[in-house]
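All remarks here apply to the structure that follows.
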Amino acid sequence: MSQQMEAAAVQRSDWFDIADLDQIVPGTGAAARLGKEQVAIFNTRDGIFAVQNHDPFSGANVLSRGIVGDIGGRLVVASPVYKQHFCLRSGECLEDGSVRLQTFAVTVRDSRVWIAAGE
Amino acid sequence: MQTRKLVVIGNGMVGQRFLEELVAMNQNFQITVFCEEPCPAYDRVQLSSWFSGATDEDLALTDLAFFERHSIRLITGEAAATIDRDQRRVTGNKGTVVDYDALVLATGSYPFVPPIPGHDREACFVYRTLDDLRQIKAAAEGCRRGVVIGGGLLGLEAAKALKDLGLTTDVIEFAPQLMAVQLDTRGGQLLREKIEALGVNVHTSTATQCIEAGDTARHRLVFAEGELETDMVVFSAGIRPQDKLARDCGLTIGERGGVVIDDHCMTSDPAIFAIGEVALWQSRIFGLVAPGYDMARKLAGHLCGQGEPFSGADMSTKLKLLGVEVGSIGDAHGKTEGSRVCVVEDSIKGFYKKLVINQDATRLLGAVLVGDTSDYDMLLQYALNGLDLPESPVSLILPSDNKPVLGVDALPAQAQICSCNNVSKGALCQAIENGCTTIGALKTETRASATCGGCATLVKQVLDAELKRRGVEVNDHICEHFAYSRQGLYHLIRVNKIRSFDELLETHGTGRGCDICKPAVASILASCWNDYVLDPKHVGLQDTNDNFLANLQKDGSYSVVPRIPGGEITPEKLLVLGQVAQKYDLYTKITGGQRVDLFGARVEQLPLIWRDLVDAGFESGHAYGKALRTVKSCVGSTWCRYGVQDSVSMAIYVEERYRGLRSPHKLKMAVSGCTRECAEAQSKDVGVIATEKGWNLYVCGNGGMRPRHAELFASDLDDETLIRYIDRFLMFYIRTADRLQRTSVWRDNLEGGLEYLQDVIINDSLGIAAELETQMQGVIDTYVCEWKRTIEDPVALQRFRPFLNDDNPDEQIVYVRERGQKRPARAEEKDKVELVEVV
Ligand SMILES: Cc1cc2nc3c(=O)[nH]c(=O)nc-3n(C[C@H](O)[C@H](O)[C@H](O)COP(=O)(O)OP(=O)(O)OC[C@H]3O[C@@H](n4cnc5c(N)ncnc54)[C@H](O)[C@@H]3O)c2cc1C
Ligand code: SF4
């Protein structure tokens, strides 16, 4: 099992080892903890992406359970609650430009997924 | 504006339309309505559909709320008895007295019963009101044979009703042919042949002299030559204007009845008006609803100071009588001087078409169509709009693939598209301009095709052409990734044996897919191959709920619904549900579908809960899927004093047969043990109601936001036939419906409607019945409980961890307690209780 993280240990642009990549079924997402935050990590054909797991419209931590795809050429995840689409790269909500999810840098090293905390 | 007192006598189709037109204008009337019938206006045109399952509510054209909303006083069950023109006062037959400044007669007409001796014997009926139909139905129970006197349009409709009620049916017509008003001799002859082929006996040139007691049946009809025995008689020998009130108070009446009106529907008394079938305009009575509606509109305008005159009406008709298509346009008999005719007849295919054309062959004056009315809409447009005929007019009715098409673009803006509600092409275009871009919106806005529906195809054509002209692409593509409708995708997947989304996308799509096409394809794959939905190649396609085989709630937790087939459960299993709910602290609620819903389970709890449930013998209830949900049942003949069949056993059988079946949308069913219908089967996609002889099958009902009564699909079926029809019905729906289209909407969009559906399912008109059954059997044979399989699959279970890197639950799912159970905390409660109430 992966290590648990203490909020205090999280600093800007620190990289954290999250999980084996094969724990995320291709074409789906999964949630992870990053200190006090929750991150939704998606394993897509176009790469690995991470955005906040908190759905700003419903207030529930569920974005990791959304369906991924593309709309007008932009990679998106659809909220499983009220179905808004969020760009996986920028976090922008396609239906409401004033809403933007926090995004996280992701990388895969030796088949493990790493996420950078902070901006 | 000063308030004026307005009294309307009669709340039939036209009277009601008049009220609607009037309240839509900025009027200032204090309105009172005398309504002789026990209920306010209903759709008389569709009256016969009452026999095929339409209820009183389905036929209703209005409701009491309408009268309340507009402060109209409605007096039901009381006929106006006298009019005092000096006092301007109407008195009802139960004593109600109302004064008027203006009075409108909308009393319609009554069926003419020829005064032959014996016409008033028992089981002799007319065919005009719901009450008449009720009496006919009740009497039919004890009858074997029925006779309709009168072979006109209504008579043949009545004959169909009798035949459907299971009676041996005869039609007696005084004239030498059927439908003498609308058809010519040859047309009438062909109609007769067709009707006789359906098993209805037709006697033309036959006058009934008296009705007396029969030997082998209740009555004997005596003719000039011969006689006929029957148990029931329905008179349909024409209608007469209901003008007694007007006669009694001295208004001018036509020679053969009818209240004489001018172009503003005014009678000989300027304070009294008449509209609908009671009114006589230029010596003519209009026995159709469209002209009545036109009068209603013109009169409402006139009373509000907008003086558009009534200027007559077109009497063309298209109908289906006993399944035979019949159409009559304009001068059907070729009475116009110098007119010429073109005739096409095919006695093998069984149709006859005649055009009546003016002398120089440039204009269409009239037409007769029997056996095939597919050209009716187009011909009517030629006739009504005086369009130039093609060089060879007969080409319009020749059965050819490349006949000249009259594009809707060719129609002038004033062309009337919907004659019932007088909607022109221009009005439709205007509405489209204003944003009505669907058939539904257009219908609501303009009323086009809302009455008889005969113009629905034309309305659709106008809409499509208009949208196209405006550059709006009209397509049925499911989304940007596939240039196919759901039906098209289904076909591709089945024919090419495609087993995954990626394979389909690669061969027939573009891009990556989205939350529209992925779940739709997942559902089709499941309907076709019934693979495990959480298989790694399918799991990313599943909609919110299928994703974790539970129903996502607003706080991110899930609810769990185990299957309880037919709503029957042992006390032991009920206890288990209670224990599981207690163990995981789940909010517990009984559903409308006779099951138990357990709320507030976190993702990681789902497999634990299901382990307990599966051990106790429960299976997934598929409440999360676009799939069969429940089959509701009443206790039926096993316990109930009234039950005639074992509805519980049937419901359990049906539920276990179709459990897990994925479909375009959720499916609900019910089985009732007798006609009292305690299981509410008529509000379900598939409803089964027990009869003395077997089961009646109802289809395409719907509760919810837009309720729709299910329609009677087939009667008195044995068990095996019932199941066979349901198999075929469900598979046909799965094959052809759009994404997220309930059976009710699917049915409303099926061209050809219920009859078409019956043809496909019962008569196998498409030759696919065997295939549909095989497919269904395939799904049934490969059923496995998804939850049973999931709790034994370590790979699938991995996904149920709350976090990739932590097994502690999401602390932001917080509950408070209410009425002894938990419920999600509201935002303002969360901060306060977080520490104490984390479960
Ligand atoms: C079976 C059937 C099928 C039909 N099919 C078609 C069709 O396909 N196409 C078509 O265009 N037309 C059709 N019609 C004709 C159509 O129904 C009539 O044209 C239409 O109903 C006329 O409307 P109305 O309001 O004038 O009369 P009605 O609808 O008959 O209404 C008159 C009302 O006034 C009431 N009334 C009478 N006297 C009094 C009184 N003294 N006080 C209070 N109330 C009174 C009556 O009870 C009745 O409810 C059909 C009719 C029938 C019976
Ligand atoms: S539908 Fe009939 S059989 Fe079933 S409970 Fe009601 S009355 Fe009894």
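FYI, it's all coordinate maths here, none of it is from the lab. All values reported here derive from a predicted model rather than from experimental measurement. Reconstructed Cβ throughout: ideal geometry from the backbone, glycine too, with neighbour counts over all protein chains shown.
A cut-off of 5 Å between modelled amide H atoms, ignoring neighbours fewer than 5 places along the same chain, links residue B:816 with B:823, B:825. Think of region B:2-156 as a dipole: +1 on every Lys or Arg Cβ, -1 on every Asp or Glu Cβ, centred on the Cα centre; then among B:136, B:83, B:33, B:83 lies furthest on the positive end.
Among the chymotrypsin sites (Phe, Trp or Tyr not before Pro) within region B:70-170, those in coil by DSSP and having at most 16 neighbouring Cβ atoms inside 10 Å are B:112.
To the nearest 20 Debye, how big is the dipole of chain B about its Cα centre, given +1 on the beta carbon of each Lys and Arg and -1 on that of each Asp and Glu? Using Cβ point charges on Lys, Arg, Asp and Glu, chain B gives about 860 debye. Shielding of A:28-38 by partners, i.e. mean partner chain Cβ atoms within 10 Å per residue? If you average over the peptide's residues, the count of other-chain Cβ atoms is 4.
Shape verdict for region B:263-307, please, from the Cα gyration tensor: rounded (a/c under 1.5), prolate (a/b greater than b/c) or oblate. Oblate.
FRET efficiency for residue B:49 and residue A:110, Cβ-Cβ distance as r, R0 = 51 Å, nearest 0.05? Approximately 0.10, to the nearest 0.05. Net length available on complete extension from residue B:138 to residue B:691 is 197.5 nm, with 0.36 nm assigned per residue and the Cα-Cα distance removed. For the segment A:66-75, counting C-beta atoms of other chains within 10 Å of every residue's C-beta and taking the mean gives 6.
Its relative contact order, with pairs defined as Cα atoms under 8 Å and 6+ residues apart, puts region B:455-539 at 25 percent.
Over the residues of the protein assembly as shown, the helix contribution to mean residue ellipticity at 222 nm works out to -8000 deg cm²/dmol, using -39500 (n - 2.57) for each DSSP H run of at least 4.
With both labels modelled 7 Å from their Cα along Cα-to-Cβ, the residue B:438 to residue B:271 distance reads 5.0 nm. Residues in region B:412-423 carry Karplus couplings, in order, of x, 4, 7, 4, 7, 8, 10, 7, 4, 10, 6, 10 Hz; the curve used is 6.51 cos²θ - 1.76 cosθ + 1.60 with θ = phi - 60°, and Gly or Pro positions show x. With 0.36 nm allotted per residue and the present C-alpha distance subtracted, the residue B:718-residue B:392 stretch has 111.9 nm of extension available.
For region B:706-809, the Cα-based Rg and Dmax, in that order, read 20.0, 61 Å.
Which residue, chosen from B:553, B:334, B:177, occupies the Cα position most advanced towards the positive end of the dipole of chain B, where the dipole is computed from +1 (Lys, Arg) and -1 (Asp, Glu) charges on Cβ about the Cα centre? Value: B:553. Take B:267-273, B:599-605, B:148-154 and order them by the average number of nearby Cβ atoms within 10 Å per residue, most first; the result is B:148-154, B:599-605, B:267-273. The ratio of the alpha-carbon radius of gyration of the protein assembly as shown to the globular-protein estimate 2.2 N^0.38 Å is 1.13. Here is the list for region B:430-525: GluC sites (Glu not before Pro) lying in DSSP coil, each with at most 10 other C-beta atoms within 10 angstrom of its C-beta, are B:473. Once the convex hull of all Cα atoms in region B:234-345 is built, its volume per residue stands at 157 Å³. Taking amide H as placed 1.01 Å from N in the peptide plane, residue B:691 has its amide H under 5 Å from the amide H of B:696, each at least 5 places away in sequence or on another chain. Relative contact order of region B:628-683: 46 percent, from C-alpha pairs under 8 Å at least 6 residues apart in sequence.
When only the Cβ of Lys, Arg, Asp and Glu is charged (+1, +1, -1, -1), the dipole of region B:514-583 relative to its Cα centre reaches about 120 debye. Reported to the nearest whole Å, the Cα centre-to-centre distance from region B:680-709 to region B:307-384 is 40. Per the Kirkwood formula applied to alpha carbons, region B:54-186 shows a radius of gyration over Rh ratio, Rg over Rh, of 1.06.
Both radii come from the Cα set of region B:336-441: Rg as radius of gyration, Rh as Kirkwood radius; their ratio Rg/Rh reads 1.03. Summing Cβ point charges (Lys, Arg +1; Asp, Glu -1) relative to the Cα centre of region B:656-731 gives a dipole of roughly 480 debye.
The residues B:424, B:283, B:419, when put in order of fewest to most other Cβ atoms within 10 Å, stand as B:283, B:424, B:419. Label positions at residue B:789 and residue B:604, each projected 7 Å from the Cα along the C-beta direction, are separated by 2.7 nm. Taking amide H positions as modeled 1.01 Å from N, with prolines and chain starts lacking one, the residues under 5 Å from residue A:71 and 5 or more places away or on another chain are A:76. For a quick check of your reading of the filter: which GluC sites (Glu not before Pro) in region B:743-839 sit in a DSSP loop and have no more than 15 other Cβ atoms within 10 Å? Filter output for region B:743-839: B:751, B:792, B:811. Averaging the Cα positions of each part gives two centres, and for region B:763-801 and region B:525-580 these lie 14 Å apart.
When the Cα positions of B:509, B:251, B:702 are compared along the charge dipole of chain B, B:702 comes out farthest toward the positive end, with charges on each C-beta of Lys, Arg, Asp and Glu.
Over chain B, the hull volume per residue, using the convex hull of the C-alpha atoms, is 222 Å³.
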